[in-house]
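Heads up, the thing below is written out as C-alpha cells.
The values are calculated or read from the model by the stated rules, or taken from the named source; none is laboratory data. Not measured: the values here are computed from a predicted model. Neighbour counts run over all protein chains shown; Cβ positions are idealised from the backbone, glycine included.
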Ligand SMILES: [Fe+2]
C-alpha cells in the first residue's frame, strides 16, 4: 500500500515536472516569436513610407497610411506585452519579413508607375499582412495556453487590425486597380 502511494507521488511529481518544463519551453518560444515580430513591425514602419510614396491610387495610399499609423500603435502594444511578461523589449532579426520587404522593393522598382505598380504593391503588402496574421495568431494561441489573459487581449486587438488591413487591401484591389492594370496590359 505504502509502496503504491510512493509510486503515485513520484509519478505525479514527474508529470508536474514535465508540465513545468513544457510551459517554460513554450514561454521561450513565445518570447522568441515576440522578438521576431517586434523586429518585423519596426522594419515595416521604415518600409511603408516607401510603398506609400510609390502608390498612385489615392485609395491605396490612404489604406497604407492608415496601416502605418496602426503599426506605430502595434509596436507600442508589443512593448507593453514585453513589460507584462517582464522581458526587455528586444528586436530579433526576422528573415521572413526582411525577405518580404526586399521583394516589395524589387517589385516596385521593376514596375512602371500607375495601376500595375499599385497592383504589385498590394500583392506585396498582402503577403506581409498574411505573415503578420500567422504570427499574431500563433502568439495569441501561445499566450492562451500560458494563461496570459491580458496578453491574449492585446494580441487579439492587433490580430483583428491585421485582418482588417488585409481585407481593406483586397477591397482596394477589387475596386479599381486590378481592372485598370489589366486594361493597361492589354
Ligand atoms: Fe502589424
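Computed quantities for the displayed model
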| item | result |
| --- | --- |
| Boolean, residue 132 is surrounded by fewer than 15 Cβ atoms within 10 Å (Cβ to Cβ), in contact with a helix residue (DSSP H, G or I) (Cβ under 8 Å, 6 or more places away or on another chain) and over 14 Å from residue 154 (Cβ atoms) | no |
| Single match in 73, 81 (criterion: exposed (fewer than 14 other Cβ atoms within 10 Å of the Cβ), at pLDDT 95 or above and in a helix (DSSP H, G or I)) | 73 |
| Of the criteria (1) within 12 Å of the ligand (Cβ to nearest atom); (2) touching a helix residue (DSSP H, G or I) at 6+ places or on another chain (Cβ under 9 Å), which one residue 76 fails | (2) |
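Per-residue answers, yes or no, for (1) in contact with a strand residue (DSSP E or B) (Cβ under 7 Å, 6 or more places away or on another chain); (2) over 21 Å from residue 156 (Cβ atoms); (3) surrounded by 18 or more Cβ atoms within 10 Å (Cβ to Cβ); (4) free of Cβ contacts under 8 Å to residues at least 40 places away in the same chain:
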{"site": "29", "(1), (2), (3), (4)": "no, no, no, no"}
{"site": "32", "(1), (2), (3), (4)": "no, no, no, no"}
{"site": "40", "(1), (2), (3), (4)": "no, no, yes, no"}
{"site": "44", "(1), (2), (3), (4)": "no, no, yes, no"}
{"site": "53", "(1), (2), (3), (4)": "no, yes, no, yes"}
{"site": "56", "(1), (2), (3), (4)": "no, yes, no, no"}
{"site": "63", "(1), (2), (3), (4)": "no, yes, yes, no"}
{"site": "87", "(1), (2), (3), (4)": "no, no, no, no"}
{"site": "93", "(1), (2), (3), (4)": "no, yes, no, no"}
